[in-house]
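The values are calculated or read from the model by the stated rules, or taken from the named source; none is laboratory data. If you're wondering where the values come from, they're calculated on a predicted model, not measured in any experiment. Here the Cβ is made from the backbone with ideal geometry for all residues, glycine too, and neighbour counts use every protein chain on show.
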Amino acid sequence: MRLSFLFTEVADGLRRNLTMTVAMILTTAVSLMMLGGGMLSVRMADKTENFFIGRLEVRFYLDDSVSETDPDCAAEPCKSLLADMKQTSGVESVQFLNRADALEEAKKLFEDQPEMVQYIADSPLPASLRVKMTDADQYQHIYDAFATREGVRIVANDKEFVDRLVSLFDGLRNAAFGLALVMALAAMLLVLNMVQIAAFTRRTEVGIMRLVGATRWYTQLPFLLEAVAAAFVGSVLAVLGLVIARPLVIDRALGPLFDSNVFPRITGDDIAVVALTIAPVGIVFAAVTAYLTLRFYVRE
């Protein structure tokens with residue numbers, strides 16, 4: 001088959017079914033953007049979970065008697081607590097912060113809120129032992145070992161917060177994937193209709209070509225390539241949409257959280273990984289749908 005003839009047939013087919021072609025391009029673009037959004041949600045959930053788990057710690061706040069009289073954790077019961085924690089399985093490191101350390105930490109954390117810093121200075125924070133775990137699953141084991149020990153006033157950790165964040169991103173991912181599935185179904189129906197209409201409008205010339213000995217692939221390949229060409233354009237638009245959405249939508253909506261290190265930032269590498277996934281998916285999906293349509297519809 002001459003390439004010039006093939007390209008001419010594909011171009012003519014796309015022009016004949018311009019409305020259907022545009023509809024397929026837009027539907028493919030939207031469905032792939034939804035799929036890409038779902039994949040970005042997955043990557044963001046994974047990065048957020050890893051980001052927080054890497055900083056996850058259990059904070060054992062000590063009672064007032066220890067906080068006031070033992071600024072170096074050199075006396076009982078703080079000394080024993082510190083030593084036992086370091087020897088406990090699942091503990092990566094233990095850090096002691098006295099009241100002065102806690103105040104300095106609060107000043108850095110609330111540097112833009114001087115009234116909060118003043119409030120903390122007037123009501124000193126308790127001393128604490130910060131336990132960093134080798135695995136977030138070790139929390140209950142460490143909690144059970146030290147929560148009721150002498151000198152411990154209260155125990156706090158970020159695990160519940162991290163779990164809620166991950167659940168939030170899982171929900172966003174599932175919603176994006178659900179919308180992508182609906183749009184993919186619409187794209188499939190458009191491909192099916194596009195191929196059927198193209199085959200119907202050229203049924204006479206295809207019949208003549210078959211009569212003079214043209215093979216099935218020779219007559220059907222242009223229809224297949226029309227669907228692939230439309231899907232390719234839709235895939236490009238979807239990728240461009242994700243590239244544009246990062247600075248205009250994602251960074252603007254989540255910028256303060258990114259800047260405060262609450263969430264890890266979505267990078268160009270994340271967009272590239274998603275783009276390299278959704279573009280082939282869109283093209284292969286259109287090609288398979290068109291091929292199956294040709295197999296079951298175009299039989300002459």
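Taking the criterion of being surrounded by fewer than 18 Cβ atoms within 10 Å (Cβ to Cβ), small (Gly, Ala, Ser) and either within 21 Å of the chain's Cα centre (by Cα) or within 30 Å of THR21 (Cα to Cα) (or both), would at least one residue in the range 135-156 satisfy it? No - not one qualifying residue is present in the range 135-156. Among the residues of the range 37-59, just one is in contact with a Ser or Thr (Cβ under 8 Å, 6 or more places away or on another chain) and more than 30 Å from VAL91 (Cβ to Cβ), namely MET39. Might you let me know whether the range 137-152 holds any residue that is in the same structural domain as ASP70 (by TED's automatic domain parsing), at positive phi, at pLDDT 90 or above and not aromatic (Phe, Trp, Tyr)? Yes, some residue in the range 137-152 is in the same structural domain as ASP70 (by TED's automatic domain parsing), at positive phi, at pLDDT 90 or above and not aromatic (Phe, Trp, Tyr). Considering only the range 28-45, I want to know if a residue exists there that is touching a residue at least 40 places away in the same chain (Cβ under 8 Å), surrounded by fewer than 17 Cβ atoms within 10 Å (Cβ to Cβ), among the polar types (S, T, N, Q) and out of contact with any Lys or Arg (no Cβ under 9 Å at 6 or more places or on another chain). No, there is no match, as no residue in the range 28-45 is touching a residue at least 40 places away in the same chain (Cβ under 8 Å), surrounded by fewer than 17 Cβ atoms within 10 Å (Cβ to Cβ), among the polar types (S, T, N, Q) and out of contact with any Lys or Arg (no Cβ under 9 Å at 6 or more places or on another chain). Does SER89 meet the test of being over 30 Å from ASP270 (Cα atoms) and among the small types (Gly, Ala, Ser)? Yes. Counting residues in the range 100-110 that are closer than 17 Å to ARG153 by Cβ and surrounded by 15 or more Cβ atoms within 10 Å (Cβ to Cβ) gives one or more.
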